[in-house]
1. Who wins for biggest fluctuation among E97, E69, E112 in a Gaussian network model of the chain, springs between alpha carbons below 10 Å?
2. Rounded to the nearest 0.05, what FRET efficiency do Y25 and E112 have when you use their Cβ-Cβ distance and R0 = 30 Å?
3. Per residue, what accessible area does the chain have, given a 1.4 Å probe and all protein chains present, in Å²?
4. On the accessible surface of the chain, probed at 1.4 Å, how many percent belong to carbon and sulfur atoms?
5. Could you work out the local net charge near A66, counting Lys and Arg as +1, Asp and Glu as -1, over the other residues with Cβ closer than 14 Å to its Cβ?
6. Just need the relative contact order of the stretch 4-131 here, percent rounded to a whole number, with Cα pairs under 8 Å and 6+ apart.
7. Given the stretch 4-131 reduced to its alpha-carbon atoms as identical point scatterers, what log10 I(q)/I(0) does the Debye formula return at q = 0.14, 0.15, 0.19, 0.22 Å⁻¹?
Amino acid sequence: MLTDEQKQQLIQAAQHVRQWAYAPYSNYAVGAALLATSGRVYDGVNVENAAYPNGICAERTALYKAVSEGERDFLAVAVVTSNGGSPCGACRQALAEFGLHLQVLIANAEGELVGETTLEALLPGAFRPQDLPSKL
Ligand code: THU
């Protein structure tokens, strides 16, 4: 469990990075910040593309940055949008690869916590690495 101060720090990181969102098509800027058990925070934004399906969400940008730096264990993710939007299904699945006990903090553009949940609650019945026969 994160302290209130840790939560606020993570939200602030997501709020800060949100300015770099590249969202000329949706105009919906998203900032995410992922806290690893190492203590490091990896931030990310949504990056859209003229070929729409090539765009990527802020949560997955943060996740892939973290994994690329050798991280595999995560404590919490904060997501900041204009209206307190929740992580999309694709991001839930991408995060589930690394564990369902992830705290999810949802905040608005002012950095106010508007929702707090877990990945387990957001993605019931998740398909996990252990579900592949080769991983049994
Ligand atoms: N988006 C995110 O970055 N994270 C989410 O969880 C929801 C959606 C982005 C994708 C797209 O660039 C824009 O928000 C509108 O869907």
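The values are calculated or read from the model by the stated rules, or taken from the named source; none is laboratory data. Everything quoted here is computed from the prediction, not taken from an experiment. In this analysis, Cβ positions are derived from the backbone assuming ideal geometry, glycine residues included, and neighbour counts consider all displayed protein chains. In case anyone asks, the SASA skips ligands and DNA or RNA and just uses the protein heavy atoms, side chains included. Shrake-Rupley method; radii C 1.70, N 1.55, O 1.52, S 1.80 Å.
1. Among E97, E69, E112, the largest GNM mean-square fluctuation belongs to E69.
2. Values: r = 27 Å, r/R0 = 0.89.
Rounded to the nearest 0.05, the efficiency is 0.65.
3. Details: 7400 Å² over 136 residues.
Counting only protein heavy atoms, the per-residue value for the chain is 54 Å².
4. Values: 3840 of 7400 Å².
Result for the chain: 52 percent of the exposed heavy-atom area is carbon or sulfur.
5. Details: positive: R40, R60, K65, R72; negative: D43, E59, E69, E71, D73, E97.
Around A66, the surrounding residues sum to -2.
6. Working: 283 pairs, mean separation 27.8, N = 128.
Result for the stretch 4-131 is 22 percent.
7. The Debye formula, applied to the Cα set alone, gives -0.54, -0.62, -1.00, -1.31.
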